[in-house]
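Undergrad: Pasting in a structure now, in structure tokens, and then I'll have a few things to ask.
Each reported figure results from applying straightforward, stated rules to the coordinates on display, with no laboratory input. Just so we're clear, the structure is a prediction, and the values are computed from it rather than from any experiment. As a convention, Cβ positions derive from the backbone with ideal geometry for all residues, glycine included, and neighbour counts pool all protein chains shown.
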Amino acid sequence: MTETPGWSAPDAQPPPEQAAPRTSAPVVTTPAPEAETRVLPLRPLTVGEVLDGSVDVLRTHAKIVFTASVAVAVVTQLVVLAFTLPFVDDLNVLGSLDPDTVTPDQYLQQLTNGYFAVFGGSLAGQFAKVLGLTVMSGFMSVIVGRSVLGQSITPREVWAEFRPRLGAVLGVSALFTLMVGAGLFLCFLPGVALWVMFALAVPALALERCGAGRSLSRSMELLKHNGWPRVLGVLALSYVVSLILENVITVPFAAVGLLDSFLRGGPELLTATTLVASAVGGVIAVAVTTPFHAGVTAILYVDRRMRGEGLDIDLRRAAGHAPG
């Protein structure tokens, strides 16, 4: 089986009180493995099950997932280094600069260079990180789509399913990143609203094989019937967990870089070694946290479809179990 077929959306969304409509669930020709091999129960999920399910997917498919996440993490950190390394000297000069010993123009020039180093590197790094996270959610959706039925999947099969959608996923991911970034920059709340509104677009794109515009509207459809607070809460919780874990991983590497600068005895607090050490820690942190958060997003997509479209009923049928 080289595809995850049958995840197409129903023609209309039902009111909560009506019986769930028939949806097209993945069709299997042989019974799926026993329930204990399935990482997710075939019913609407609790918050804990969404988070635990992401960890279980990572553990079950560690080789596939971490190979992809390391690639994303390396690209992310290379972007950060590309924006900060050229300004290392300017940052060090700025830290020891005495406004009384230079002209106002010189001080302004050093201040501008330092600002671009810090702001530009941080902004580029965050853009690359969110973009990589969004792409990973599409990649993880392919794996989750099989995992809900307890079906195994090889790295070649994941790539075969994901590759035809890669261009569309990159386009939607870039658009999502720009919209959320602009919203957060202009005013915090619009950015958060856009983040939640289109959070499920890439999983819909990867599994339903719809167009880019349709994936955005599908994400909004799946938030109906009290989906907003739940999706916001789970995504925020996942983000906080990821942020804590990321800091735990990166702080020791940053400390090693600073220690190296101190032992050199020079006036520079920030060196290429410091940045590289931080980048190595960043690669490890992003490689661990990105697939976790992406997995949560993919599982939320499945959960919203089970709650709003009765997908769990058809998944049970496809897996060879009686509904209920």
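Undergrad: Farthest toward the dipole's positive end in region 51-318, which of ALA272, PHE185, ALA254, given Cβ charges of +1 (Lys, Arg) and -1 (Asp, Glu) about the Cα centre?
TA: Going by the Cα projections, it comes out as PHE185.
Undergrad: Further, regarding this structure: How much net charge surrounds LEU205 when only other residues with a Cβ under 12 Å from its Cβ are counted (Lys, Arg +1; Asp, Glu -1)?
TA: Numbers: positive: ARG165, ARG209, ARG214, ARG218; negative: GLU208.
So the surrounding residues net to +3.
Undergrad: Find out how many positive minus negative residues lie around VAL280, taking Lys and Arg as positive, Asp and Glu as negative, among other residues whose Cβ is under 14 Å from that of VAL280. Provide the component values of the computation, followed by the final result.
TA: Numbers: positive: none; negative: GLU246, ASP260.
Spelling it out: positives minus negatives among the neighbours equals -2.
Undergrad: For ARG146, ARG304, ARG316, which order do you get if you count the other beta carbons within 10 Å of each Cβ and list the fewest first? The partial results should precede the final answer.
TA: Working: ARG146 21, ARG304 27, ARG316 17.
With the fewest neighbours first, ARG146, ARG304, ARG316 line up as ARG316, ARG146, ARG304.
Undergrad: Based on other C-beta atoms within 10 Å, arrange TYR301, TYR239 from fewest to most.
TA: Numbers: TYR301 30, TYR239 15.
Ranking TYR301, TYR239 by Cβ neighbours within 10 Å, fewest first, gives TYR239, TYR301.
Undergrad: Something else now. Based on the Cβ-Cβ distance from SER152 to GLN126, what FRET efficiency comes out when R0 is 51 Å, to the nearest 0.05?
TA: That pair, SER152 with GLN126, gives E of 0.90.
Undergrad: Simple spin-label model, 7 Å along Cα-to-Cβ: SER8 to PHE188 in nm?
TA: So the two model labels end up 4.4 nm from each other.
Undergrad: Give me the number: length gained by fully extending LEU166 to ARG43, i.e. 0.36 nm times residue separation minus the C-alpha to C-alpha distance, one decimal in nm.
TA: 41.3 nm
Undergrad: Based on the inverse mean of 1/r over its pairs of different Cα atoms, what is the Kirkwood hydrodynamic radius of region 51-318, in Å?
TA: Numbers: mean 1/r = 0.0497 Å⁻¹.
About 20.1 Å for region 51-318.
Undergrad: Find out how many positive minus negative residues lie around SER238, taking Lys and Arg as positive, Asp and Glu as negative, among other residues whose Cβ is under 14 Å from that of SER238. Kindly include the intermediate steps, with their values, before the conclusion.
TA: On the way: positive: ARG230; negative: GLU49, ASP52, GLU246, ASP303.
Taking every other residue near SER238 into account, the sum is -3.
Undergrad: If neighbour count is taken as other Cβ atoms inside 10 Å, put VAL142, VAL240 in order from fewest to most. The partial results should precede the final answer.
TA: Values: VAL142 24, VAL240 10.
Taking fewest neighbouring Cβ atoms as first place, the list is VAL240, VAL142.
Undergrad: Mind ranking 245-253, 67-75, 281-289 by how tightly packed they are, going by the mean number of other C-beta atoms within 10 angstrom, highest first? All intermediate terms of the calculation are to be shown ahead of the outcome.
TA: Details: 245-253: 15.2, 67-75: 19.0, 281-289: 22.0.
Ranked from most to least packed, the peptides come out as 281-289, 67-75, 245-253.
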